[in-house]
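See below for the structure under consideration.
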Amino acid sequence: MLEDDFGREVSGVRVSLTDRCNFDCVYCHNEGLGDTRGPMDPQDDEMTADEIVRFLEVVSEFGVRKVKFTGGEPMLRGDLEEIIERTPDSMEVSLTTNGTFLPGRAEDLKAAGLERVNVSQDAIDPDAFAEITKSGAYEKVIEGVEAALDAGLDPVKLNMVVFEHTAGYVEGMVDHVAENSGLQLQLIEYMPELTGRPEWNIDIERVHDWLEEKADRVETREMHNRRRYYVGEDSGEGGMVEIVDPVENPNFCANCHRVRVTHEGYLKGCLNRNDDLRSMGEMSREEIRETFRETVANRVPYYGEYMVKEEGEWVVNDDYIDAPVTHS
């Protein structure tokens, strides 16, 4: 397994299959690339199924054990089931989706080899959901979650971005997963550095403190040093709530073990950076190997290395100012 100079092994990859999406969420950062979403029809710049599978086969040689397919909305790819079915058997396969296309496809995805699914759901109130996502598809998302559970995709994780628009719905979402077997909740810290609206930010530590009091027990995951809160267990049911809090968090970055792949076939070692994009060229196996090695070798923790604190403010480390851009 390859590791960077900070001892971080790369055990997983996140592969964006498209930047197209049928939602227009107000907080979307499109895997760190900004709002570049285009029309709903397939685009020529998207990696083909053969290219995606070839990439996964190559990185499996380096011990990569997990792949998460993302977007945009990855289920806009009509060949998603084929891609999953052709993914190396050694890899755990998961998917992040807005859920609207899960009804009617969840069973086929499970049969193809999908193991887990994350569904974006920022509120259990239809009006609030419509305001945040610019979509009236609330009922379809709920139907999609049920379809995933029925298909045996376990657990189903609900992703909720916590910011000014959604903070009032956190308690309801926590109660929702505590009362519904098979559901888990990921509360994802809003990232103003990627979305450009710092006024929407809230202090995620307040959510940690609230959950600390509410939870029956708390544990810390190795990945990203994340805290998990188990709520409602004393009542005989219960659910797990995990907070994903990367902003200004060196501990989070020090425990990052992922490399990302854009829908166009660029590797990036960090969500927050676009000055580390590396093209895999024509995506021959040797080009993929070389680019993957380079990407891993050049990974650095974003907070604590690429960004450092000076007089209480995070600033770019002088070592990375005017560093050469490596993408073509």
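The values are calculated or read from the model by the stated rules, or taken from the named source; none is laboratory data. Small disclaimer: the values here were computed from a predicted structure and weren't measured. A quick note on method: Cβ atoms are made from the backbone with ideal geometry, for glycine too, and the neighbour counts reach across all protein chains shown.
Among the conditions (1) in contact with a Ser or Thr (Cβ under 9 Å, 6 or more places away or on another chain); (2) more than 29 Å from Asn249 (Cα to Cα); (3) of a type in the set (Ser, Thr, Tyr), Thr133 misses just one, which is (2). Across segment 262-279, the number of residues qualifying as in contact with a Phe, Trp or Tyr (Cβ under 7 Å, 6 or more places away or on another chain) and closer than 17 Å to Val58 by Cβ comes to 3. Checking segment 319-327 against the condition returns no match, with no residue being acidic (Asp, Glu), closer than 25 Å to Thr262 by Cα and modelled with pLDDT of 95 or more. Restricting attention to segment 296-318, the residues being closer than 20 Å to Arg260 by Cβ, surrounded by fewer than 21 Cβ atoms within 10 Å (Cβ to Cβ) and either among the basic types (Lys, Arg) or touching a His at 6+ places or on another chain (Cβ under 6 Å) (or both) number 0.
Residues checked against (1) over 24 Å from Arg258 (Cβ atoms); (2) among the aliphatic types (A, V, I, L, M); (3) surrounded by 12 or more Cβ atoms within 10 Å (Cβ to Cβ); (4) at pLDDT 90 or above:
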{"position": "His176", "(1), (2), (3), (4)": "yes, no, yes, yes"}
{"position": "Glu199", "(1), (2), (3), (4)": "yes, no, no, no"}
{"position": "Leu211", "(1), (2), (3), (4)": "yes, yes, yes, yes"}
{"position": "Lys214", "(1), (2), (3), (4)": "yes, no, yes, yes"}
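Could you please give the count of residues in segment 253-291 that are among the basic types (Lys, Arg) and under 17 Å from the mean Cα position of the chain (by Cα)? Before the answer, list the steps.
To start, the set of residues in segment 253-291 that are among the basic types (Lys, Arg) comprises 258, 260, 268, 273, 278, 285, 289.
Still in the running and under 17 Å from the mean Cα position of the chain (by Cα): 258, 260, 268, 273.
So the count comes out to 4.
Listed by first and then second residue, the pairs linking a residue in segment 133-160 that is buried (at least 19 other Cβ atoms within 10 Å of the Cβ) to a residue that is among the acidic types (Asp, Glu) and assigned to a helix (DSSP H, G or I), with Cβ atoms under 7 Å apart and 6 or more places separating them unless they lie on different chains, are Ala151/Glu107. Looking only at residues of segment 107-129 that are aliphatic (A, V, I, L, M) and assigned to a helix (DSSP H, G or I), we find that the one that is nearest to the chain's Cα centre (by Cα) is Leu109. Across segment 137-161, the number of residues qualifying as part of a loop (DSSP other than H, G, I, E, B) and under 26 Å from Met191 (Cβ atoms) comes to 2.
In segment 169-185, which residue that is touching an Asp or Glu at 6+ places or on another chain (Cβ under 9 Å) and outside any loop (DSSP other than H, G, I, E, B) is nearest to Glu131 (Cα to Cα)? Here the residue is Tyr169. Sub-8 Å Cβ pairs linking a first residue in segment 281-295 that is farther than 21 Å from Asp4 by Cβ and surrounded by 14 or more Cβ atoms within 10 Å (Cβ to Cβ) to a second residue that is of a type outside the set (Lys, Arg) and modelled with pLDDT of 95 or more, at least 6 apart or interchain, are Met283/Met47; Met283/Glu51; Met283/Phe55; Met283/Gly265, ordered by first then second residue.
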